[in-house]
1. Between residue 99 and residue 341, what is the FRET efficiency for a Förster distance of 51 Å, r being their Cβ-Cβ separation, to the nearest 0.05?
2. Check each of the GluC sites (Glu not before Pro) in segment 27-100 and keep only those in coil by DSSP with at most 16 other C-beta atoms within 10 angstrom; list them in order.
3. Remind me, relative contact order of segment 164-235 in percent, using alpha carbon pairs under 8 angstrom and six or more residues apart?
4. How many percent of DSSP beta bridges within the chain run antiparallel, rounded to 5?
5. For segment 279-308 and segment 83-156, what is the centre-to-centre distance using only Cα atoms, to the nearest Å?
6. Rounded to whole Å and ordered largest first, report the semi-axes of the equivalent ellipsoid of the chain derived from its Cα gyration tensor (root of 5λ).
7. Tell me, what % of the accessible area of the chain is carbon and sulfur with a 1.4 angstrom probe?
8. Of 159, 346, 266, whose Cα points farthest to the positive end of the dipole of the chain (charges on the beta-carbon: +1 Lys, Arg; -1 Asp, Glu; origin at the Cα centre)?
Amino acid sequence: MKRIGMLTSGGDCQALNAAMRGVVKCLAYSGEDVEIYGFLDGYKGLIYGNFRMLTGADFSGILTKGGTILGTSRTPFKLMREPDENGLDKVEAMKQNYYKLRLDCLVILGGNGTHKTANLLREEGLNVVTLPKTIDNDLWGTDMTFGFQSAVDIATDCIDCIHTTASSHGRVFIVEVMGHKVGWLTLNAGMAGGADIILIPEIPYDIDKVVEAIKQRDERGSRFTILAVAEGAISKEDAALSKKDLKKKMESSQYPSVSYEVAARIQEKCGKEVRVTVPGHTQRGGSPCPYDRVFASRLGAEAGKLILKGEYGFMVGYRNREIVKVPLEDVAGKLKMVAPDAEIIQEAKMLGISFGD
Ligand code: F6P
């Protein structure tokens, strides 16, 4: 008999349900007796002992369903060691609930912050297996996270739609893409959608270079220009600021997000009419794309296999086209960023895409 606790933490994404279903199906088809305890709303459920016992029926029909059947929340890692408003020691509470339920292991699905806490629980002696989810694809130790491809599809659709209206009006359009502090999503959706200019955090932009790229397109007779701008994109001037000064600048900024600032500066420098579109959380919503359904199911099945073998303390990741187990201590606290000199960046530049550098 295996007693498994399961939780999804951090921002949701597509294919969380597919991944959990993969774990449970693998265990069920192994013939092993399993009890699944689903903790609700992420680590909060584990801290406060909010859980639901799940049966096979809970995992039926959820392969295509977005969101997470367990609910999720953000419980910042930096606050984990701080007592809650009632003085509760959160780490102790999580351990007690784990031991009270006599769990064999926890299956934790999450991104960067989630993995820091998962590693902390491992250090505290709990058995943990994790699965890499996030539309940002910024998790170290895996070439791919589930949710990413689905989000690329949605952001690409958005750029595709903007294309037709941009060509009718001859305007400059900015599509602001999620991705937190990295540019994977913007880079991929930007290339897939045929964006002319792509601005990502890893390559700070020079607004004059951006304007130059727009002018060159005008000179070549293009009626419009489309920019895919990462929500974390940063100008060269801002990148040179200290962390403190940058924070101060952002707090006092008149713009709701980076794209609006880029739009204002383009307008000011070349008098072009600029429009901004922010697809926002739609990028995390809806049904997972087929790639993510397959990918998350595979990772889930491999996590089930690790549990059956009693191998704990790993994230199930994907490297060089192979499913691998990555020690949690190697994953926690690291960010996987786009290398500014990566092949894909060089190829994008060969295609005439400007990165504003
Ligand atoms: O990490 C996923 C993500 O969607 C990021 O791309 C984005 O910056 C952030 O979460 C948004 O967070 P929230 O849903 O808390 O607004």
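The values are calculated or read from the model by the stated rules, or taken from the named source; none is laboratory data. Given the structure is predicted, the values throughout are model-derived calculations rather than measurements. Here the Cβ is made from the backbone with ideal geometry for all residues, glycine too, and neighbour counts use every protein chain on show. Calculation scope for accessible area: heavy atoms of the full protein, side chains included, ligands and nucleic acids excluded. Shrake-Rupley method; radii C 1.70, N 1.55, O 1.52, S 1.80 Å.
1. Using R0 = 51 Å, I get an efficiency of 0.55.
2. 32, 85
3. After rounding, I find 50 percent.
4. 25 percent
5. About 15 Å separates the Cα centre of segment 279-308 from the one of segment 83-156.
6. 41, 22, 17
7. Reported share for carbon and sulfur atoms: 50 percent.
8. Going by the Cα projections, it comes out as 159.
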